[in-house]
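This report refers to the structure that appears directly beneath it.
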Amino acid sequence: MSVRRTDGPKQPVSLRPTTTETQPKNAVKTGTTPARVKDGFESSAPRRTELARAEQTLTPVPARPGRLPIDSKDAQNAIQASLSYLSPATGAMTLVAPSPSFVPKNVERDELGMTHVRLDRVHEGVKVFGEQVISHLDKDGKVSSVTGEQSTIPAGLGSQKPKLSPAQAIESARKEFDGKPDRQPHAERVIYQDKAGQYHSAYRVEMSQIEGQQNPRRMNYLVDANSGKVFESFNEIDGFSIPKGTKTATLPTEASATTSPKASIADLGTVTSKLKLDQDVTIDKLKLSLDIDHTYRGDLSVTLTSPSGKSAVVHNRTGGGADHVKGDFDLSAFAGEQAKGEWTLTVSDKARADTGVLNSWGLKATGKAPPPTTPPAGKADDTSLYSGKVELQTTKNADGTFSLRDSTRGKGVETFDAQNKARATGQTDFKDTNDVWGESTDDARSHAAVDAQYGASMTYDMMKNVLGRDSLDGAGEKLVSYVHVDNGLVNAFWDGQKMSYGDGDGKTSGPLTALDIAGHEIAHGLTERTAGLIYRNESGGLNEAMSDIFGAGVEWYAAQKNPGVKFNWTVGETAWTPGNSTEDGLRYMDDPTKDGYSIDNYKHYPEQTEVHGSSGIANNAFYLMVNGGKNRTSGQEVKDGIGMEKGLKIYYRALAHYMTPNTTFAQAREACIKAATDLHGASSTEVQKVKESWSAVGVS
């Protein structure tokens, strides 16, 4: 997903003017020479003049990591130092390309005491789509390196008036949108670089269709500002739909048994027979197979009773003078019951003069395996759908009830009921009288809400305690979730501000509130607030991979504390294909080719460029770095992985501080090497494993 907002108000940066060209507010014209910021991924900082060195020096500040307010003294000092480095004072005339401009986007200090200034590129007053520069300052406030590309842009692309108006650009995009937008379309003037490397005057048109959609869209169209030609388009909203060609599971979990009592049914008599199901299945469908010989069908009453004591009448003296009761009966009355245990069949003869025999009967329960319910240590009395017993932080209301509003994590973690409306809006709380959520006596609608609240809580905790980041924006951003969005929605998605979870259709999926799905989708917000990897091409594959990686990280983190959570390298398996006891999911990070759709090596990228399919490249690189193993395509082996915690920290640092919106797989490799070097040193085992893992997936 691409970044569409700047966190915090943009402040003008006070520097001496270097040009008389028209500049936008906050844009600072700076010059660069090919020797200083090259047309590549990373450049080192050479020595500067005494003036430049003075400008690069920051006042010592506490080393507390996090995002700095853009108008704070520390942030402004870092911005000044960065811009002075990018445009050093020189006394000689130099023949260089027209100088670029930069608008400060955000400033972050990391746990090592380094400061990173992310700047959007602007040309002649117009934003350059997807192009950013990040300057990296050491603990002393001096620029040590710069990340980002700066190709030469032809003069006039920003200053010349486009032939098309924003409204005309929107109309060009509307022709390809094929539907009615549910929000007002938006057009932004940009400079756009096409796949051939040529720059164009363009508009970025955003058009959304989210409400009531199985696959919601927030489409971006890059439209030529003079001809109306659409250069490219992509959808910013990810979701858990099945890409065409993906293999899915076949049989759900079943429990079945038969018995042949051969019990005589006396005139006016009653026979009971018991049968035991051993497999623990939450019933979706229950089939009873009966074989009763009887001389008068209309005499018989047949009742089935579950292990919990619930009964349902199967046959009640119907059929008149016909003989026998044979065949299959579907018993939807037992949906939601647990299959495991002893079932009882009762057959009664209610009229005189006829007898018979209960030859045999059998049960076949189809459903899903329930999650483990062993509670971890501490107050874990809330029952989830997928993660066993969990502990939720809630808010007590004035009426004595409790709501899923947690004020202990950042600015809050909250879950609301979308009431099956197409649009997730409002603040309809789930309420509980005793603050013990997910009990069998609770409203069934609150069950999925337990998982959504737990998933967001674990995502926050993983970011805070492992990555060292206070929520998505680094400043405690509130995490808001909605469950029961629309009817039968087989999807979950982050829309830039909040989470929406569908209930699933009961076949393809159950409620999409599994831990790794929650972590995956919320992590799209982390990518938005940091690198802003654009959701197409190689950057799009990296965007998806980062969400899979951090989603797995959330599942791993929760599993360290909660025995009800099983960590694995499969994406979304607990919610996918309900009742399947295997690790069936959407993607497999340990072997991406297992789904029949994804690729695990860059050599196959030209044949599979769709972002979910190409995410397997970085997914497998991460797996090999963390766990060790072989890449299926190349056969290259990485021995002795570095472990999950180190791996998450390296990839997070690469994303937050060394990737820009258009980062490629090769540049991602370099970003990970740089991040590992910062954390562990250039000659460390961790850096070596980063290199080996990316090489194994064909990225060098």
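The values are calculated or read from the model by the stated rules, or taken from the named source; none is laboratory data. All values derive from a computational prediction rather than experimental measurement. In this analysis, Cβ positions are derived from the backbone assuming ideal geometry, glycine residues included, and neighbour counts consider all displayed protein chains.
Observations
- Applying the condition of being under 16 Å from S615 (Cα atoms) and of a type in the set (G, A, S) to the stretch 228-244 and asking which residue is modelled with the lowest pLDDT yields S241.
- Here T295 passes the criteria (1) modelled with pLDDT of 90 or more; (2) surrounded by fewer than 16 Cβ atoms within 10 Å (Cβ to Cβ); (3) more than 50 Å from the chain's Cα centre (by Cα) except the one numbered (1).
- The set of residues in the stretch 330-345 that are of a type in the set (S, T, N, Q) and either surrounded by fewer than 17 Cβ atoms within 10 Å (Cβ to Cβ) or not in a strand (DSSP E or B) (or both) comprises S332, T344.
- Taking strands (runs of 3 or more DSSP E) as the structural unit, those lying wholly within the stretch 256-324 and holding at least 2 residues that are β-branched (V, I, T) and in contact with a strand residue (DSSP E or B) (Cβ under 8 Å, 6 or more places away or on another chain) correspond to 270-277, 282-294, 300-305, 311-316.
- From the options V690, V626, residue that is assigned by TED's automatic domain parsing to the domain that holds R529, at pLDDT 95 or above and under 21 Å from L112 (Cβ atoms): V690
- Condition broken by R204, with the remaining ones in (1) at pLDDT below 95; (2) of a type outside the set (V, I, T); (3) under 27 Å from the mean Cα position of the chain (by Cα) satisfied: (1)
- Filter result for the condition that a residue is closer than 28 Å to Y386 by Cα and either in contact with a Pro (Cβ under 9 Å, 6 or more places away or on another chain) or touching a residue at least 40 places away in the same chain (Cβ under 8 Å) (or both), over A531, A523: A523
- Residue list for the stretch 588-642, filter: aliphatic (A, V, I, L, M) and either touching a strand residue (DSSP E or B) at 6+ places or on another chain (Cβ under 6 Å) or in contact (Cβ under 8 Å) with a residue 40 or more places away in the chain (or both): M589, V611, I617, A618, A621, L624, M625, V638, I642
- Residue match in the stretch 178-188 (condition: assigned to a loop (DSSP other than H, G, I, E, B), small (G, A, S) and either within 24 Å of L222 (Cα to Cα) or in contact with a helix residue (DSSP H, G or I) (Cβ under 6 Å, 6 or more places away or on another chain) (or both)): yes
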